[in-house]
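Participant: To start, I am sharing the structure in question, which I have written as structure tokens.
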Amino acid sequence: MSYYEDLSTAKKLKNKIKWIWYDTFFGLPKNNYDFKILKKMNYKICLVCPMLHGLDLKISHKRLSELKKKT
């Protein structure tokens, strides 16, 4: 999943893979819709560090904790 891919890819791969790598090209999304849907489909989610894309985005521990609780 990423800014360039939507949930349709994850839906097509349901029951074929267990993990989704969620790219953070522009940081975390403002809402948790994608994460909630992915969790309902029983995916485990791995957030890709923005530094892997050469970006210097700051993602706070507080935001990560909120995201984990809400999904």
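The values are calculated or read from the model by the stated rules, or taken from the named source; none is laboratory data. Note that the coordinates shown come from a computational prediction; the quantities given were computed from them, not determined experimentally. Here the Cβ positions follow ideal geometry from the backbone for every residue, glycine too, while neighbour counts run over all protein chains shown.
Participant: Among residues belonging to the stretch 25-63 that are under 15 Å from L7 (Cα atoms) and either in contact with a Pro (Cβ under 9 Å, 6 or more places away or on another chain) or modelled with pLDDT under 75 (or both), point out the one that is surrounded by the most Cβ atoms within 10 Å (Cβ to Cβ).
Facilitator: Out of the qualifying residues, it is F35.
Participant: Could you grab me the full set of residues in the stretch 18-41 that are free of Cβ contacts under 8 Å to residues at least 12 places away in the same chain and in a loop (DSSP other than H, G, I, E, B)?
Facilitator: Result: P29, K30, N31.
Participant: Restricting attention to the stretch 7-16, which residues are without any contact (Cβ under 8 Å) to a residue 12 or more places away in the chain and of a type outside the set (S, T, N, Q)?
Facilitator: Narrowing the stretch 7-16 to residues without any contact (Cβ under 8 Å) to a residue 12 or more places away in the chain: 8-9, 12-13, 15-16.
Within the stretch 7-16, K12, L13, K16 qualify.
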